1. Have a look at ALA253, ALA234, ALA175, ALA206 and point out the one that is modelled with pLDDT of 95 or more, over 25 Å from PRO275 (Cβ atoms), surrounded by fewer than 16 Cβ atoms within 10 Å (Cβ to Cβ) and of a type in the set (A, V, I, L, M).
2. Working only within region 132-172, note down all residues that are surrounded by fewer than 18 Cβ atoms within 10 Å (Cβ to Cβ) and within 14 Å of THR78 (Cα to Cα).
3. Can you tell me which residue in region 41-61 is surrounded by the fewest Cβ atoms within 10 Å (Cβ to Cβ), limited to those that are in a helix (DSSP H, G or I) and more than 16 Å from the ligand (Cβ to nearest atom)?
4. Any idea how many residues of region 1-39 are under 16 Å from PRO270 (Cα atoms) and touching a residue at least 24 places away in the same chain (Cβ under 8 Å)?
5. Identify all residues within region 1-44 that are hydroxyl-bearing (Ser, Thr, Tyr) and modelled with pLDDT of 95 or more; write none if there are none.
6. Among the residues of region 154-187, which ones are part of a loop (DSSP other than H, G, I, E, B), among the β-branched types (Val, Ile, Thr) and in contact with a Phe, Trp or Tyr (Cβ under 9 Å, 6 or more places away or on another chain)?
7. Look through region 270-302, keep the residues that are assigned to a loop (DSSP other than H, G, I, E, B) and not hydroxyl-bearing (Ser, Thr, Tyr), and return whichever of them is nearest to VAL166 (Cα to Cα).
8. Could you check region 155-173 and list, in sequence order, the residues that are more than 16 Å from the ligand (Cβ to nearest atom), in contact with a strand residue (DSSP E or B) (Cβ under 7 Å, 6 or more places away or on another chain) and of a type in the set (Val, Ile, Thr)?
Amino acid sequence: MWLRSQVRRATDHVLPGVWGAGRWVRGRMIPAVTAWGSPGKQRVLVVAPHPDDEVAGCGGTIILHVRAGDQVTVLHVTDGRRSRALGLGPEAMARRRHQEARESLAALGVERWTWLGLPGEWTDRDFVVALERLLPQVRPHVIYLPSRIDFHPEHYRVARAAAPVVRRLGGESIAVRVYQVQVPLTRVLVNLVAPIEAAVPDVLRAYGRYVSQAGSLRSTLRMKAYAARSHGLAGMAEEFWEMSGAAYAALHAQEPARALVDTFRGLRLPALTDPLGFLRGRRERRRLLRLATVAEDASTHAMSATAPQAHTRRRARAGGTEAGADEQP
Ligand SMILES: [Zn+2]
């Protein structure tokens, strides 16, 4: 037992560096993607299925937005009571996560917070009604949404339910940025990267507030380190797949052909199998990229027919795709 834990500790210490070197090599072989930036005075909405997804997916980027003078609103959809960490019961866990979320958002510098706090059993309608109310209030230029490249049932439910609402109420120029939590988007899909190294001390403070989720959050820090290596950046970075609301809706127009847990794999607690998270589901990622690209083209075409001067963000295409970006660890 002692030997096993020592071996595991040693491999978890060494392997992320090895896998990160692989990401760096792979990243040098494909075109660079757009670097994150903000002109300031942007309204930003972050939709997090659980309290902690916002730090895992885009905590550093939230800090960059705040520092740029943007107005960030975070929506927590569920109260996270399904977590069994620390041996807490559902009610105690929900209270705990509410408190942790409050403290974590303060560390990120977020002042606008909507706690929907849906309990264990919830309907899509509960969430949709709240989002329909919130979107016209916030009127976001940018909205960060959960990924279709994920297997967590509640992440997927939130993404699927949000998609038609964002398309309908978000407006033509809204930029949807899909963030990753445990399942990597990979360079097949990533088309935007935020260098968050300067924000890391605050990111770690925000992470530290989610004491109850410390175990499950650990691998998401490795994800940020891999992201930095892939783009030749220092320390940590956060990757996104940016697209229009129309493209995001297209990704969710059909139910997945099979269980998502059979398609994708996430980074797990030990670092040993991290490369599998990048390798598994390549074909499905490419299929989804094609879906988004077709929807993007159709929507651009429709817009230019009605307003030729309108040039909004149209970026569902990923930089590495034309180069045939087969993902490797
Ligand atoms: Zn989550």
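1. The match here is ALA253.
2. The one that is surrounded by fewer than 18 Cβ atoms within 10 Å (Cβ to Cβ) and within 14 Å of THR78 (Cα to Cα): PRO153.
3. GLY60
4. Within region 1-39, residues that are under 16 Å from PRO270 (Cα atoms) and touching a residue at least 24 places away in the same chain (Cβ under 8 Å) number 7.
5. Selection gives THR34, SER38.
6. Matches in region 154-187: VAL183, THR186.
7. So, considering only residues that are assigned to a loop (DSSP other than H, G, I, E, B) and not hydroxyl-bearing (Ser, Thr, Tyr), the one nearest to VAL166 (Cα to Cα) is GLY281.
8. Of everything in region 155-173, just one residue is more than 16 Å from the ligand (Cβ to nearest atom), in contact with a strand residue (DSSP E or B) (Cβ under 7 Å, 6 or more places away or on another chain) and of a type in the set (Val, Ile, Thr), namely VAL166.
The values are calculated or read from the model by the stated rules, or taken from the named source; none is laboratory data. Computed from a predicted structure; not experimentally measured. As a convention, Cβ positions derive from the backbone with ideal geometry for all residues, glycine included, and neighbour counts pool all protein chains shown.
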